[in-house]
1. Which members of region 1-52 meet the condition of being among the acidic types (Asp, Glu) and free of Cβ contacts under 8 Å to residues at least 40 places away in the same chain?
2. Checking Gly3 against (1) more than 26 Å from Ser120 (Cα to Cα); (2) part of a helix (DSSP H, G or I): exactly one of these is not met. Which one?
3. With respect to Gly117, is the statement that it is over 20 Å from Asp16 (Cα atoms) and part of a loop (DSSP other than H, G, I, E, B) true?
4. With the condition kept exactly as written, say whether any residue in region 86-106 is hydroxyl-bearing (Ser, Thr, Tyr) and farther than 25 Å from Glu21 by Cβ.
5. Any chance region 112-123 includes a residue that's of a type outside the set (Ser, Thr, Tyr), at pLDDT 95 or above, touching a helix residue (DSSP H, G or I) at 6+ places or on another chain (Cβ under 6 Å) and buried (at least 21 other Cβ atoms within 10 Å of the Cβ)?
Amino acid sequence: MIGISACLGGVCCRYDGQAKEITALKKLVENGQAMLVCPEVMGGLPIPREPAEISGGDGFDVWENKAKVITNTGDDVTNLFKQGAITAYQKLIENDIKTIILKEKSPSCGSLGIYDGTFSGNHRKGPGVATAYFLSKGLKVISENEWRTVVEHEE
């Protein structure tokens, strides 16, 4: 079994209340081969919610208290992002999941890149908060851009 960002599995849980469904991933969930998690919602953030970006670094920097997760109106939601990562990780481990496919560019789930913290649409390399936590705990993180390699292995 693998983990999948809930928005990729068809759940309308993104900040804008939308999903980014990938039909093949949703099918894995329906067939009992995958479990969905949304670290942001699991941390207590509502749907919809204000857009948030990491200011001052990436997800690893957040865990080292060198960066924060800030909404576009200036609210600090760092602790909610951290709590969501911890809660999601616990759920994954309880289900013996060691690999997860995550939504790119998300301040939680981005693996190859995230928005740069300026709300200008610019990106930077680095992981989101949940991805950094998952990697530090030894989970294998796969970008949504590379999901086929995992799905073909699962089938």
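The values are calculated or read from the model by the stated rules, or taken from the named source; none is laboratory data. None of the values given here were measured: they were computed from a predicted structure. Cβ sites come from the backbone with ideal geometry, for glycine too, and all protein chains shown count toward neighbours.
1. In the first step, residues of region 1-52 are kept if they are among the acidic types (Asp, Glu); the result is 16, 21, 30, 40, 50.
Answer for region 1-52, where residues must be among the acidic types (Asp, Glu) and free of Cβ contacts under 8 Å to residues at least 40 places away in the same chain: Asp16, Glu21, Glu30, Glu50.
2. Of (1) more than 26 Å from Ser120 (Cα to Cα); (2) part of a helix (DSSP H, G or I), only one is false for Gly3: (2).
3. Numbers: over 20 Å from Asp16 (Cα atoms): no; part of a loop (DSSP other than H, G, I, E, B): yes.
Spelling it out, it is not the case that Gly117 is over 20 Å from Asp16 (Cα atoms) and part of a loop (DSSP other than H, G, I, E, B).
4. Pass one, region 86-106, residues hydroxyl-bearing (Ser, Thr, Tyr): 87, 89, 99, 106.
Next, from what is left, pick out any that are farther than 25 Å from Glu21 by Cβ: none.
Taking every residue of region 86-106 in turn, none turns out to be hydroxyl-bearing (Ser, Thr, Tyr) and farther than 25 Å from Glu21 by Cβ.
5. No: region 112-123 contains no residue that is of a type outside the set (Ser, Thr, Tyr), at pLDDT 95 or above, touching a helix residue (DSSP H, G or I) at 6+ places or on another chain (Cβ under 6 Å) and buried (at least 21 other Cβ atoms within 10 Å of the Cβ).
So that you can scan it fast, the table gives a plain yes or no per residue for (1) surrounded by fewer than 18 Cβ atoms within 10 Å (Cβ to Cβ); (2) modelled with pLDDT of 95 or more; (3) more than 21 Å from Asp96 (Cα to Cα); (4) not aliphatic (A, V, I, L, M):
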| position | (1), (2), (3), (4) |
| --- | --- |
| Ser5 | no, yes, no, yes |
| Leu8 | no, yes, no, no |
| Cys13 | no, yes, yes, yes |
| Ile22 | no, yes, yes, no |
| Asn31 | yes, yes, no, yes |
| Val62 | no, yes, yes, no |
| Thr71 | yes, yes, yes, yes |
